[in-house]
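First comes the structure, then the notes that go with it.
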Amino acid sequence: MVKHLVEQVLARTLDRCVAEGLLPPGPFEIGLEAPKQAAHGDFSSNIAMTLSRRALGALEGKPRDLAKAIADRVVDPDGIVAKVEIAGPGFLNVRLSADVWPRALGEVLAQGAAFGTSNVGAGRRVMVEFVSANPTGPMHVGHGRGAVVGDVCASLLTAAGYQVVREYYVNDAGRQVAALAHSVYQRLREHCGVGAAELGPDDYPGAYVADVARAMATEWGDARARSIAAQPFSENAGLLQTTAVNLVLDTMIKPTLSHFGIRFDHWFFESKLHREHEVERAIAELDRRGFIAVEVLPPPKGMEPSVEESATPGVPLKIFKSTHFGDDADRPLANAAGVYTYFAGDVAYHWDKLQRGFDRLVNVWGADHGGYVKRVQFAVEALSGKKGQPEVVLTQMVNLLKDGVPLRMGKRSGNFVELQEVIDEVGADAARIWFIQRRHDAAVDFDLAKAKEQSNDNPVFYVQYGHARLASILRKAAEQGVAAPRFDLETARALTLPEETDLLKRILAYPELVAGAATALEPHRVVFFLTETIGAFHSYYTKYKHTERVIGPDAKKTAARLLLCLALKQVLANALALCGVSAPEAMARAEMEQA
RNA sequence: GGACCUUUAGCUCAGUUGGAUAGAGCGUCGGACUACGAAUCCGAAGGCCGCAGGUUCGAAUCCUGCAAGGUCCGCCA
């Protein structure tokens, strides 16, 4: 917010330079950053360096001279800027007048829980599709990472002024759910006592399948369940499949998501695409635009022979001409039997998304779908002309460890670690922070022991402790009869220590951080903001605990510092809320000596 | 054979979209509570930013090539 004021000053100054014939007409991009070193001012701009090439007359190609010319012409009607210095190859180092910070503190406090929101999204509509785990069993840890990354991206986008829809794509068509239905049917026979379960190689061995069968029997009642179990599978395949999928969603996936603090606005079922012939319509649209052909595809190059065996060489298939957009190969939409591929469903799904009028599509996928991004983007481009949509956030692998020892996870062996177990073990707050504390494009180690530890290895406790500490100070002040802090400029001017100004600057950088994290779809930035900000406070607190305490003899300083604590607590709470993590007013002390 | 991701301190990782002397936590060593929460803080040591070129006032950041590690590569979902 302060940065924006400086930008305005520079923009007006550049306009004046144009008017005076020093620069050609704009627009200009105004680079402005908060320098690492205090000696470089409150803000630093590189405009003289980037514009010197375009400068007119004697200033052309001379960044330092241009910087001097700009500094001499500062247009600052509101008196924000105290001093502009020229440094290095042509940096403009701007020092602000002392009142800027206390004034801004008032605005932070006035905005309260809304502080940090902005309107860079300008109300544009964006869909974030995430999790979308197959409804064939409980969620595992990999889904957990995608869940939190997607959820926090959606929250970031909301805070940045987008209109956001959170959507879960349910793959309730195809072979895997058919296999689930068959497995549940077998367990149902066992449960109803009409026969032993006969599980084939394609069936799901996991113990949860029996749970689903039991729930199914409860839902249907014994008589009906037994009658269906006694009939051949094919008699009730559709019913079994629909019921099994819904039970998995209702008893496994939705409860876990709920424990994780995640809610979806919309559940989109793949079966709907087929039922309402959306797949045909999407393919027809591609055809109309000239991107459909029937071809014999060459066998994949350099692959294992076993893959080639299972293909059907020589049979022409209906394909999407994705090579037209630069893909390595054209992509089949139906197999030799004419059954639509998963890709055909996804084309239809994204066609559906487009028709719902979103400006941005964001998909959070696991890294194992990485090879899939291009073809979907090409399909969207073919259907709409939009390049680079959907924007795909690929979350890399999660390696689950316990005390540094990897926990082996077999994909279909049924012994993978469920997300629910992890949440039960370490708590939703710790798990959420753990999943977003690293860039999404790097693999992450999730150590169950460390995530539970109350240490600096584990940012959630560090930050929550800081929030509780601020709350405690404010409580203490009230207990000691200090008047509840109310903002006025005169009081806020008492914040004169360099660490206090530094803390104010950190607070004021928050809205820009949120906006940046939203456009880049990078939740981890919020976690780093949290640990750095509260770390700066801890440091300030300890440094002055014997000299300039928050609650001290000087009433005015005390009031000012309480205002600072209030603003800090607010910004921490806001950032934690963005991450979906609680901001406790107090924390129970750990019993360190025991154990 | 190909696609995507990663490579920064002993370890785990940031690095504000190309800026000034590359940062943090852990670990190691040494320190700080009779007063607002020591779940904290301070200091020291620790670097060929994988390698080699290129782009420019300026590169950990951008482009090319190479190397190492990870993930993926049905006409499955």
When the residues of segment A:145-184 are filtered to those that are assigned to a helix (DSSP H, G or I) and among the hydroxyl-bearing types (Ser, Thr, Tyr), which remaining residue is nearest to A:Trp434 (Cα to Cα)? A:Ser155
Inspect all residues belonging to segment A:6-14 and state whether any of them is away from RNA strand B (no atom under 16 Å from the Cβ) and more than 27 Å from A:Val514 (Cβ to Cβ). yes
Flagged in segment A:442-477 as within 23 Å of A:Cys565 (Cα to Cα) and more than 6 Å from RNA strand B (Cβ to nearest atom), in numbering order, are A:Pro459, A:Val460, A:Val463, A:Gln464, A:Gly466, A:His467, A:Leu470, A:Ala471, A:Leu474, A:Arg475, A:Ala477
Criterion: small (Gly, Ala, Ser), in contact with a strand residue (DSSP E or B) (Cβ under 9 Å, 6 or more places away or on another chain) and not assigned by TED's automatic domain parsing to the domain that holds A:Val444 - qualifying residue of A:Gly121, A:Gly150, A:Gly161, A:Gly144: A:Gly121
Can you tell me which residue among A:Gly61, A:Gly79 is among the small types (Gly, Ala, Ser) and under 28 Å from A:Thr117 (Cα atoms)? A:Gly79
Would you please name the residue that is surrounded by the fewest Cβ atoms within 10 Å (Cβ to Cβ), looking only at residues in segment A:322-356 that are assigned to a helix (DSSP H, G or I) and near RNA strand B (Cβ under 10 Å from one of its atoms)? A:Tyr342
What are the pairs with Cβ atoms under 6 angstrom where one residue, in segment A:326-339, is in contact (Cβ under 8 Å) with a residue 12 or more places away in the chain and the other, located anywhere, is part of a loop (DSSP other than H, G, I, E, B) and among the hydrophobic types (A, V, I, L, M, F, W, C)? Sequence gap at least six, or different chains. A:Ala336/A:Val315
Looking only at segment A:357-380, which residues are assigned to a helix (DSSP H, G or I) and buried (at least 19 other Cβ atoms within 10 Å of the Cβ)? A:Arg375, A:Val376, A:Gln377, A:Phe378, A:Ala379, A:Val380
Among what's in segment A:133-145 and is out of contact with any Leu (no Cβ under 8 Å at 6 or more places or on another chain) and surrounded by 24 or more Cβ atoms within 10 Å (Cβ to Cβ), pick the residue that is modelled with the lowest pLDDT. A:Ala133
Scan segment A:350-389 for residues that are under 24 Å from A:Lys272 (Cβ atoms) and among the basic types (Lys, Arg) and jot them down. A:Lys353, A:Arg356, A:Arg360, A:Arg375, A:Lys386
Being touching an Asp or Glu at 6+ places or on another chain (Cβ under 9 Å), surrounded by fewer than 19 Cβ atoms within 10 Å (Cβ to Cβ) and assigned by TED's automatic domain parsing to the domain that holds A:Arg549 narrows it down to one of A:Arg475, A:Arg439, so name that one. A:Arg475
Out of (1) within 12 Å of RNA strand B (Cβ to nearest atom); (2) surrounded by fewer than 16 Cβ atoms within 10 Å (Cβ to Cβ); (3) without any contact (Cβ under 8 Å) to a residue 60 or more places away in the chain, what's the single condition that is false for A:Thr496? (1)
Just need a number here: residues in segment A:342-366 that are farther than 12 Å from A:Ile283 by Cα and free of Cβ contacts under 8 Å to residues at least 40 places away in the same chain. 2
Scanning segment A:501-514 for residues that are in a helix (DSSP H, G or I) and surrounded by fewer than 21 Cβ atoms within 10 Å (Cβ to Cβ), the one farthest from RNA strand B (Cβ to nearest atom) turns out to be A:Thr501
Among (1) open to solvent by 80 Å² or more (accessible area, probe 1.4 Å); (2) modelled with pLDDT of 90 or more, A:Glu7 falls short only on (1)
Mind checking which residues of segment A:537-554 are crowded, with 17+ Cβ neighbours inside 10 Å and more than 6 Å from RNA strand B (Cβ to nearest atom)? A:Phe537, A:Tyr540
Among the residues in segment A:557-570, are any outside the structural domain of A:Asp429 (by TED's automatic domain parsing), within 7 Å of RNA strand B (Cβ to nearest atom), over 30 Å from A:Arg439 (Cβ atoms) and of a type outside the set (Phe, Trp, Tyr)? no
Exactly one of A:Gly26, A:Gly106, A:Gly41, A:Gly31 is small (Gly, Ala, Ser), over 19 Å from A:Ala11 (Cβ atoms) and under 38 Å from the mean Cα position of the chain (by Cα), and that residue is A:Gly106
The conditions are (1) modelled with pLDDT of 90 or more; (2) over 25 Å from A:Asp502 (Cα atoms); (3) more than 14 Å from RNA strand B (Cβ to nearest atom); (4) surrounded by 13 or more Cβ atoms within 10 Å (Cβ to Cβ), and A:Gly26 fails exactly one of them. Which is it? (1)
Give, as residue ranges, the strands (runs of 3 or more DSSP E) completely inside segment A:218-321 that count at least 1 residues that are under 30 Å from A:Ala431 (Cβ atoms), modelled with pLDDT of 95 or more and open to solvent by 30 Å² or more (accessible area, probe 1.4 Å). A:266-269
Per the list (1) within 23 Å of A:Ser472 (Cα to Cα); (2) under 30 Å from the mean Cα position of the chain (by Cα); (3) surrounded by fewer than 22 Cβ atoms within 10 Å (Cβ to Cβ), residue check on A:Leu576 breaks on (3)
Pairs, please: C-beta under 7 Å, at least 6 apart or cross-chain, first residue open to solvent by less than 10 Å² (accessible area, probe 1.4 Å) and in segment A:457-468, second more than 6 Å from RNA strand B (Cβ to nearest atom) and of a type in the set (S, T, N, Q)? A:Val463/A:Thr531
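The values are calculated or read from the model by the stated rules, or taken from the named source; none is laboratory data. All values reported here derive from a predicted model rather than from experimental measurement. Every residue, glycine as well, gets a Cβ built from its backbone with ideal geometry; the counts of neighbours run over all protein chains shown. With ligands, DNA and RNA removed, areas are computed over all heavy atoms of the protein, side chains included. Shrake-Rupley method; radii C 1.70, N 1.55, O 1.52, S 1.80 Å.
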